[in-house]
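Here is the structure we will look at, set down as structure tokens.
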Amino acid sequence: MSGMDVVDDDTLQHLTDVFKHFQTGKEKIDEESTNEKTKREDEDSAKEEDFHTYDFNGNEIKENEPALSKKKMKKLQRLTVAELKQLVKKPEAVEWWDVTASDPKLLVNLKAYRNTVPVPAHWSQKRKYLQGKRGIEKPPWELPDFIKDTGIMEMREAVKEKEDAAKLKSKMRERVAPRMGKLDIDYQKLHDAFFRYQTKPKFSMHGELYYEGKEFETKLKEKKPGQLSEELKAALNMPPLAPPPWLVNMQRYGPPPSYPSLKIAGLNAPIPEGGQWGYHPGGWGRPPVDEYNRPLYGDVFGVAQQDDLPPEVVVPVDRKLWGELESDDEFDEEEEEEEEEEEEAQEEESTEAAPHDDTIKEGLETPSGMASVASGLETPDFIELRKDIRRQEEDTGPKQLYKVIPETSKSIQGFMGSQHGYDLSTVEKPQMAPSTVIRSSKRKMGENVDIAIDPSELESGLDESTLRAKYDAQMKAKLPVGAGSEDLSDMYAEHASRQAKKMKTQESKKDGKKKEFKF
């Protein structure tokens, strides 16, 4: 270890500290560590003594006084209402009982949150909900104004007076057989009342709950600052053109800081015409000016001129609601206007076409005086496109009102026979027009055919062949000239085969149903 003599003391101390980390066994406690322990114990004991002798505010507690309870300690640690209002964003939401919450800041934050439903105001009341309204007479329900305008109330009162004036006998008769339709109102009035003049009733807002005395509160939404109602003027005994009684104090102390942009006459706006400055009754006090006679709060003399833009520069603002439905009256008026415009356009076209027609006629005239019309310029009044063989010829001669049928005498035959008869062969039977009656059934019904049968033939007996021959003869007589040449035997045979097939299918269906039925 001859080399260690050269090493200085600082290096040796550093090396000894390094080797200490690698030594095994218990370390010896130095005097410095013992001194540090004793110091810590002394500090802890001193803190315990201070805790017993001082409260949280630093006031010394005497040995004879008892220690504070938990309730008093909580009350001492509680925030005041003023401190809580300073800590939150919306102090208007703070109420005096909010400071007693376990977390007042969170509570006020939740109350100030948008669309939060508040706790009902009667939660802290000792008595039951609406207990104070007992004994107060509830006013009867009133009809809305748009229903009153129909006159239904006057009609009801008139009917009620008539019923009261009626006797007992008529009342009992009315009870047994009541008469309906006593109130007769015009349906147009009812339609206008409910579809034109109907107004929405007053609804409660989101999260709004009724509480006692709510109907007597002042509705602040309908009130605006600076505008005095007639009731307030009468209560303050203000004559016309007189200022409010608080104007003098405003001129002395300045306008209200909550409404910096509010215009108040006599303070930052000119007084009305007819008003006078001064402190006499009805006077507007003294205008607030500085030492150079300049207004302090605004244009109180009305001298400053506003640089208004010309009306052609300002763009008008459309105040109509987007997506608003048009009323029925406006829609009807628009339709009427469109019809009138179309009629005017047609009249203009007809007036424009009239001189053009005159020029055409002038060009078609011949020197001999005869007017020659080009082919295609004249159109008939009525064009019939349907080619009908059975079209009747129009009778151009005068129609006969009645015709005398010759009488014939014959022998009495059969039961309740007659010896008088009429010769119907001379009568021309009128051709029946096609029926235009719309039938509700789906089956197409043919036209009725009248067949004249002699009663003597009924006694001898009629077979099917003679009836069919008479029917065919009558149908041929009924048809116009040239229509009987058509052969309809194929159509009759086809129709008869269809009817036979239909009858067979119906009978087969009935038989199948009978077989399926089991009792």
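The values are calculated or read from the model by the stated rules, or taken from the named source; none is laboratory data. Values in this document were obtained by computation on a predicted structure and should not be read as measured data. No Cβ is skipped: glycine too gets one built from the backbone with ideal geometry, and neighbour counts run over all protein chains shown. Remember, those area values only see protein heavy atoms, side chains included, never the ligands or the DNA or RNA. Shrake-Rupley method; radii C 1.70, N 1.55, O 1.52, S 1.80 Å.
Observations
- Given +1 at the Cβ of Lys and Arg, -1 at the Cβ of Asp and Glu and no other charges, the dipole of the stretch 114-180 around its Cα centre is 600 debye to the nearest 20.
- Accessible surface of LEU168, taken over heavy atoms with a 1.4 Å probe and every protein chain present, rounds to 130 Å².
- Of TRP246, TRP284, TRP97, the residue with the largest accessible area leads and the full order is TRP246, TRP97, TRP284 (1.4 Å probe).
- Qualifying trypsin sites (Lys or Arg not before Pro) in the stretch 131-176, where qualification requires a DSSP coil assignment and no more than 16 other C-beta atoms within 10 Å, comprise ARG134, LYS167.
- Unit charges on C-beta of K, R, D, E only; dipole of the stretch 57-195, Debye: 800
- Exceedance of the 18 Å cut-off in Cα-Cα distance is limited, within the set LYS133/LYS223; LYS105/LYS126; LYS263/LYS320; LYS399/LYS476; LYS224/LYS263; LYS85/LYS111, to LYS133/LYS223; LYS105/LYS126; LYS263/LYS320; LYS399/LYS476.
- Accessible surface for LEU321 stands near 130 Å², nearest 10, in the context of the full protein assembly shown (1.4 Å probe).
- For the stretch 105-203: rounded, prolate or oblate by the Cα gyration tensor [a/c cutoff 1.5]: oblate
- ASP423 - accessible surface, heavy atoms, 1.4 Å probe, Å² rounded to 10: 60
- With protein chains left intact and a 1.4 Å probe, residues in the stretch 81-192 average 91 Å² of accessible area per residue.
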